[in-house]
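What follows is one structure encoded as structure tokens, with my remarks underneath.
The values are calculated or read from the model by the stated rules, or taken from the named source; none is laboratory data. Worth saying up front: this structure is predicted, and the values here are computed from it rather than measured. Note that each Cβ is placed from the backbone with ideal geometry, even for glycine, and that neighbours are counted across all protein chains shown. Surface accessibility is based on the protein's heavy atoms, side chains included, excluding ligands, DNA and RNA. Shrake-Rupley method; radii C 1.70, N 1.55, O 1.52, S 1.80 Å.
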Amino acid sequence: MLERSAFYREKVGPSPSDRLEDIAELSLTEKSELRATVTGDNPFGAHLCAEPSELVRIYSTSGTTGSPSYIPLTASDLENWVTGSSRSYAASGVQPGDRILSTYNAGPFVAGAALAAFERIGLVHIPVGTGNTERLLRAIDALKPEAVVLTPSYAAYLAESHDLQGSSVQRVLVAGEPGGGEPAFRAELEEGWGAKVTEAMGVGDIGPSLFGECEEQDGMHLGAHGFVHLEVIDPDTGEARELEDGAEGELVLTHLQHRAAPLIRFRTRDHVTVMTSPCPCGRPGPRIRCVGRTDDMLIVRGVNVFPSAIREVVNEFAPRVSGRILVRPDAEGVKQEPPLPVSVELARDQTATEDLADAIATRVREVLSVRARIELVPWGALQRSEYKSQLVER
């Protein structure tokens, strides 16, 4: 790769170790470094390794944290992406011949490649897209899919606003944002849909649906094994951490077989928990659960806090709360002073009481070591989403 990548020739030097067990000796790759090498003549960046004639597809990231990045693929890259995504989605328990309804408007984005995995598995794919709930409900009623794939936020919105327990859907596959693996939130989705919920996860610059949860619902397996190498680091120091049961840190990924624009030790900014105990499904290797994005993390008097972790604690108070929260920081930036303001939405037909607000605040402090100021708001006061939810009001 080094002979073809100007970016990594400069970054890792002329003769780095080629042993995977020594990979932690190499420098981490930041998204900002890649963007800095983009030019008018090379919109991909200096890590591009393939000739223009080798490229068969160009995706882009969604650009939620900046300008979109362009992701070039060769034919072998695309094949590996579809293979890895197929493994991730197949882990959920869907079977050849099942009908699966998808809600992603994924055309220009990396997730578009994941949709090809459905045909690879042998599923009957029913693409509906985002933002047309009436069409989605009509398709479920008429075409009777056994599975749907959508974001956790959209799955929650549909379960809350429509009676889906008697539908044909037996499996709900959620991806696109953290949350699907939170036990209380998952239970809420499963009750609303009357179906089993599993989650999947991809990283735009590395590949779609790299990870997928099996029916044991105890963390996501690396469906892209053999194509991607997984590490976890301390997000503050960059030091690699042992992949042992319960380890936490930032997910770092390395391409192993990518041709067009391979990345080494790419910082994903996803904060994960690692599970290494054997899974009853028999799939080997560690599993992960995404806790949140380090981009969303707040530091409250030295304590790192993920909004999704606050939501998980709040969900312990169901059915008195709807499970929706909004963190409203008083100060700009990451560092905050306590108490951290958090709006918590009540469940339908529930009224605010000082005892409930105090109980939630006490529990947040017990679990997360953070003092919060809980504001209970009426049901329906916090925005619903047909795509992804914002948990922090900046």
Check: When you scan the range 341-364, how many residues do you find that are among the basic types (Lys, Arg) and either touching a Leu at 6+ places or on another chain (Cβ under 8 Å) or at pLDDT below 95 (or both)?
Finding: 1
Checklist line | Among the candidates 142, 187, 159, 155, residue that is within 18 Å of residue 315 (Cα to Cα) and either open to solvent by 40 Å² or more (accessible area, probe 1.4 Å) or without any contact (Cβ under 8 Å) to a residue 12 or more places away in the chain (or both) | finding: 187
Checklist line | Filter result for the condition that a residue is more than 16 Å from residue 254 (Cβ to Cβ), crowded, with 18+ Cβ neighbours inside 10 Å and not acidic (Asp, Glu), over 36, 50 | finding: 50
Check: Name the pairs: first residue in the range 170-182 and closer than 18 Å to residue 109 by Cα, second residue among the charged types (D, E, K, R), Cβ to Cβ under 8 Å, at least 6 apart or on different chains?
Finding: 174/199; 175/199; 176/388; 177/388
Checklist line | Identity of the residue in the range 12-25, open to solvent by 40 Å² or more (accessible area, probe 1.4 Å) and in contact (Cβ under 8 Å) with a residue 24 or more places away in the chain, that ends up farthest from the chain's Cα centre (by Cα) | finding: 20
Margin query: Just to check your reading of the model, which residue among 129, 107, 122, 97 is small (Gly, Ala, Ser), open to solvent by less than 10 Å² (accessible area, probe 1.4 Å) and more than 27 Å from residue 30 (Cβ to Cβ)?
Written below: 129
Next item on the list: Just name the residue that is nearest to residue 59 (Cα to Cα) out of those in the range 176-209 that are hydrophobic (A, V, I, L, M, F, W, C) and over 10 Å from the mean Cα position of the chain (by Cα).
Entry: 206
Item checked: Yes/no for residue 241 being within 30 Å of residue 21 (Cβ to Cβ), basic (Lys, Arg) and surrounded by fewer than 19 Cβ atoms within 10 Å (Cβ to Cβ) -> yes
Next item on the list: Go through the residues of the range 299-309 one by one and say whether even a single one is at pLDDT below 90 and polar (S, T, N, Q).
Entry: yes
Check: Filtering the range 53-94 down to residues that are hydroxyl-bearing (Ser, Thr, Tyr), assigned to a loop (DSSP other than H, G, I, E, B) and open to solvent by 60 Å² or more (accessible area, probe 1.4 Å), which residue is modelled with the highest pLDDT?
Finding: 67
Next item on the list: Within the range 263-279, identify whether any single residue is assigned to a loop (DSSP other than H, G, I, E, B), buried (at least 19 other Cβ atoms within 10 Å of the Cβ), among the β-branched types (Val, Ile, Thr) and touching a residue at least 24 places away in the same chain (Cβ under 8 Å), and answer yes or no.
Entry: yes
Note to self: Against the conditions (1) under 18 Å from residue 152 (Cα atoms); (2) out of contact with any strand residue (DSSP E or B) (no Cβ under 6 Å at 6 or more places or on another chain), where does residue 358 fall short? Just the number, please.
What the structure shows: (1)
Check: Taking the range 217-235 on its own, how many of its residues are in contact with a strand residue (DSSP E or B) (Cβ under 9 Å, 6 or more places away or on another chain) and in a loop (DSSP other than H, G, I, E, B)?
Finding: 8
